[in-house]
1. Angle, helix B:31-45 long axis vs. longest principal axis of chain B, Cα atoms, 0 to 90°, nearest 10?
2. Kindly provide the helix-only [θ] at 222 nm of the protein assembly as shown, computed as the sum of -39,500 (n - 2.57) over DSSP H runs of four or more divided by all residues, to the nearest 500 deg cm²/dmol?
3. How shielded is A:82-92 by partner chains, expressed as the average number of their Cβ atoms within 10 Å of its Cβ atoms?
4. Hey, what's chain A come to in accessible area per residue, 1.4 Å probe, Å²?
5. Looking at the square roots a ≥ b ≥ c of the eigenvalues of the Cα gyration tensor of segment B:1-55, which shape do they give, rounded for a/c under 1.5, prolate if a/b is larger than b/c, or oblate?
6. Taking 8 Å as the Cα distance limit and 6 or more residues as the minimum spacing, I'd like the relative contact order of segment B:3-221 as a percentage.
7. If I model the protein assembly as shown as equal point scatterers sitting on the Cα atoms and use the Debye formula, what is log10 I(q)/I(0) at q = 0.10, 0.11, 0.14 Å⁻¹?
8. Note down the relative contact order for chain A as a percent, whole number, built from C-alpha pairs under 8 angstrom at least six residues apart.
Amino acid sequence: MPASNFHVEFSGVGVRIGMATILRDVELTVAPGESLGLFGANGAGKTTLLRVVATLLKPSGGSARVLGVNLDSPDRFDVRPRLGLIGHSPALYPELSLLANLEFAARVSGVSLAAAAEALRAVGMEQAADRPAGEASFGMQRRVEFAREIMLQPDLLLLDEPHSALDPSAIELVEHIVAGVLQRSGAVVLVSHDVDRVAPMVTRTAELRGGTIQ
Amino acid sequence: MNSGFWRQAMAVARRDLERERHAGEVVWVTIPFGAIALLLVPLAVGINQDVLSRIGTGMLFVVVMLFGVLTSIRRTNIETPPQRDAIALLGIDPVAEFAGKTAASAVVLLVFEVVMAAVAVALYGIDISGWWWMIIVLPLTAIGLAELGTISGAIAASVQAGPALVPLLVTPLAIPLLLGATQTVENIDPDGGNLSWLVLMAIVVLVLAIVGVLTARPLQETR
């Protein structure tokens, strides 16, 4: 198969979980430097599609390539460090401090601990560095997840309802992070049910309805 | 195995030990309950020193096994699906994750075992003349139980059965470890006659390590 010019290239992708068809015949491309806003009602399959793009869920059918790698091949594991995902719920460890959470990601990824502290400063959380994540508000935890993406600099950033529970300054932060990824010729897929809030951050939109892109 | 593997394994072990240090579940909950369990037996069978010294070693390892299962259940509970996704996307080697989790669990279990052994000696009046075997037996038991707990936790997460499945998986598979540990310490033989029990334990630990390595990737992918 020739090398792909797209960061995401899906053709006829379907996902079945048990007896339920969640996605069917999804045709989707996202080019470098592009920010795609994916909209749809609850249950339309937005989060499932995002998980497929994140290589966390294998498609049941069709052809899917992410960052040039076919998702059927074992190489998909190698692509993961180049992906960033901020999902519905924070993925922090509640017992660890906000900084320790970032430092864990830094150690695993081979990034310096100084970069973790710098990323925490970039999201305005340096004063709360030692606070256990379990005692931080949802919005603070979200900011730390944004800091993780600033630190790891993914080529493909996936955001699931990024505006939830964020104050206006944090929303500006999301816009800044998205702009940073695009400047590096990365790409962003942003899932939301709120078209108006996401519109300033996307270069293109698509609607998911009944498990397929309209 | 490259430096990235060891870096990731150490990061996972450090994370789990840090979490345990902050939560303090083993120190403040499991160890006191284990000590109480050891205390209940003399109350139940009566304070007959002969009986107690005879059953002491067996009781110690029964308590270690049962509370080892509890620790495994706890460790299964502490990882949420978003945390698992985040781990996968950090590109962590599943075998490094297995090694790191097992190492952290083994350290926690070893601390538990050492405290329980001291309590058992104090309560049961066990003859400690041959207890130098413990230097080998306790780490082997801790590593074996930690491997079992890590594998069982991953299986439970994979089939989305929750923590209820973990004791069902761990308890029967821990029997060779329990037998090996008890028999090694109880049948102390200066000529090395109890070496066969140690070999059994070592084989169990090795087999579990192989199973853990071989199943790490498939279990990470299906959880």
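1. Helix B:31-45 sits roughly 30 degrees off the main axis of chain B.
2. The helix-only estimate for the protein assembly as shown comes to -18500 deg cm²/dmol at 222 nm.
3. On the way: counts 2, 4, 2, 5, 2, 5, 1, 5, 4, 9, 4.
The per-residue average across the peptide is 4.
4. Values: 8930 Å² over 214 residues.
Computed with neighbouring chains in place, this is 42 Å² per residue.
5. Numbers: a/c = 8.32, a/b = 2.64, b/c = 3.15.
The shape class here is oblate.
6. Numbers: 247 pairs, mean separation 62.2, N = 219.
Reported as a whole number, the value is 28 percent.
7. For the protein assembly as shown, the Cα-only Debye profile gives -0.76, -0.87, -1.22.
8. Details: 426 pairs, mean separation 66.1, N = 214.
Relative contact order comes out at 31 percent.
The values are calculated or read from the model by the stated rules, or taken from the named source; none is laboratory data. From a predicted model like this one, the values you see are computed outputs, not experimental measurements. A quick note on method: Cβ atoms are made from the backbone with ideal geometry, for glycine too, and the neighbour counts reach across all protein chains shown. Side chains included, ligands, DNA and RNA excluded: accessible areas come from the protein's heavy atoms. Shrake-Rupley method; radii C 1.70, N 1.55, O 1.52, S 1.80 Å.
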